[in-house]
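Remarks on the structure that follows.
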């Protein structure tokens with residue numbers, strides 16, 4: 001049973017790391033603020049959530065696990081909210097999303 005928990009923990013940590021890395025590539029590669037926000041917001045929440053879940057499995061039932069649950073709850077509440085606020089501020093500041101032919105913007 002301990003080996004199964006260990007394997008599940010490392011799978012979650014590696015999957016979370018993959019999501020975080022994918023979000024970083026998305027921030028560098030995507031053409032405008034709104035697509036970058038989408039890449040960062042989704043992968044940040046999922047990546048950090050999976051990493052924290054893997055750490056919870058590593059910690060077992062202890063005070064550390066409760067702290068990790070609180071961190072995860074805080075992250076799940078604040079990350080999408082912050083992404084939404086930044087997008088609304090950009091729209092309010094009259095920054096227009098890049099629509100139409102994305103391929104010309106990707107060649108830079």
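Bear in mind that the values in this text are calculations on the coordinates, not laboratory data. Computed from a predicted model, the values in this text were never measured in an experiment. Reconstructed Cβ throughout: ideal geometry from the backbone, glycine too, with neighbour counts over all protein chains shown.
Remarks
- When the chain is treated as a Gaussian network with alpha carbon springs shorter than 10 Å, the biggest mean-square fluctuation among 95, 68, 14 belongs to 95.
- Going by neighbour counts of Cβ atoms within 10 Å, the residues 86, 3 line up, fewest first, as 3, 86.
- Inter-part distance where region 1-45 and region 46-100 are each reduced to a Cα centre, Å: 11 Å
- The ranking of 76, 28, 50 from fewest to most other beta carbons within 10 Å of each one's beta carbon is 28, 76, 50.
- Reported label for calculated Rg/Rh (Cα atoms, Kirkwood Rh) given (1) 0.95; (2) 1.12; (3) 1.01: (2)
- Restricting the calculation to Cα atoms, region 36-86 shows an Rg/Rh of 1.06 when the hydrodynamic-style radius is the Kirkwood one.
- Fewest-first ranking of 56, 61, 1, 46, using other Cβ atoms within 10 Å as the exposure measure: 1, 61, 46, 56
- The long axis of helix 33-59 is offset from the longest Cα principal axis of the chain by roughly 0 degrees.
- Choice from 18, 53, 74 with maximal GNM fluctuation in the chain (Cα, 10 Å cutoff): 74
- Between helix 2-29 and the chain: long-axis angle, C-alpha atoms, 0 to 90°, nearest 10: 10 degrees
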